[in-house]
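The values are calculated or read from the model by the stated rules, or taken from the named source; none is laboratory data. Computed from a prediction, not measured in an experiment: that's the story for all the values here. Glycine gets a Cβ as well: all are built from the backbone with ideal geometry, and neighbour counts include every protein chain shown. We work out accessible area using only protein heavy atoms, side chains counted, and drop any ligands, DNA or RNA first. Shrake-Rupley method; radii C 1.70, N 1.55, O 1.52, S 1.80 Å.
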Amino acid sequence: MKNQALTALLAAGLLMSACQSAPEADSANTGEATAAATGTGSNFSVDTVSSSIGWIGTKQNGQHNGTFMLSGGSLTIDSNNNIASGSFTINIGSLNVLDLQGEDKGKLEGHLKSPDFFDAATFPGARFDIASVAVYDSATATSKLAGATHIITGNLTLKDSTKSIAFPAIVTIDSASVSTTADFNIDRTLWGMNYKGPNNPADWFIKKEVNLKLNIKANKAQ
């Protein structure tokens, strides 16, 4: 009877965990790391004040959301006004929870920065290196991102793991600035981010999918 009760409890918990879905967004196409782009052109420096990366993590009975700030980066724009190369660094220590306040906010921020997840003390920065930027073709691709203009492919490094990801984005370029926005989901476990280790029951109640919202601004270097 005890085993039956435990099985029923676990099954109920798993059903509850399925009730809260990750945000509706494109799933980043993820694979092994690839060569970063080395194109040349005009240099644009990432504006670390106005740029940010939003995140949403989902659990069985709700969600938490917040932001990361960037600590630096640059983009190279070629003579055809396209992104030729670039990279930016995410300040993991800047992790900010927006949906909580006071003690609860501090506890969750500390939990996420701890070795349970990002291990900010050991890995203070995450990094994205552009491999390619292609024009989005609605005839051959579909996206939940309204107004997508490009597909960006690059290497995302979290902790000690690097994977290639590709996602739709809206890219706007003029003579003085570059703006890039995107909204997509990644599977955190592909970067070894598992609460209390892979296949631990404690990790089952947290969705693997984490939503990322990129808002990257860069200005032409003087």
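A compact table of results
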read-out: Number of positions in the range 9-42 that are surrounded by fewer than 14 Cβ atoms within 10 Å (Cβ to Cβ) and modelled with pLDDT of 90 or more; value: 7
read-out: Residue list for the range 174-192, restricted to those being open to solvent by less than 40 Å² (accessible area, probe 1.4 Å), of a type outside the set (S, T, N, Q) and either farther than 21 Å from I56 by Cα or out of contact with any strand residue (DSSP E or B) (no Cβ under 8 Å at 6 or more places or on another chain) (or both); value: V178
read-out: Selection within the range 132-166 - of a type in the set (A, V, I, L, M, F, W, C) and under 19 Å from L70 (Cα atoms); value: I152, L156, L158, I165
read-out: Single unsatisfied condition, A126 versus (1) under 16 Å from the mean Cα position of the chain (by Cα); (2) in contact (Cβ under 8 Å) with a residue 60 or more places away in the chain; value: (2)
read-out: Extreme residue, farthest from T30 (Cα to Cα), among residues of the range 175-213 that are at pLDDT 95 or above and polar (S, T, N, Q); value: S177
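Results for (1) aliphatic (A, V, I, L, M); (2) closer than 23 Å to P23 by Cβ; (3) without any contact (Cβ under 8 Å) to a residue 12 or more places away in the chain, shown as yes or no for each residue.
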site	(1), (2), (3)
V135	yes, no, no
T142	no, yes, yes
L158	yes, yes, no
K163	no, yes, no
F167	no, yes, no
V178	yes, no, no
D183	no, yes, no
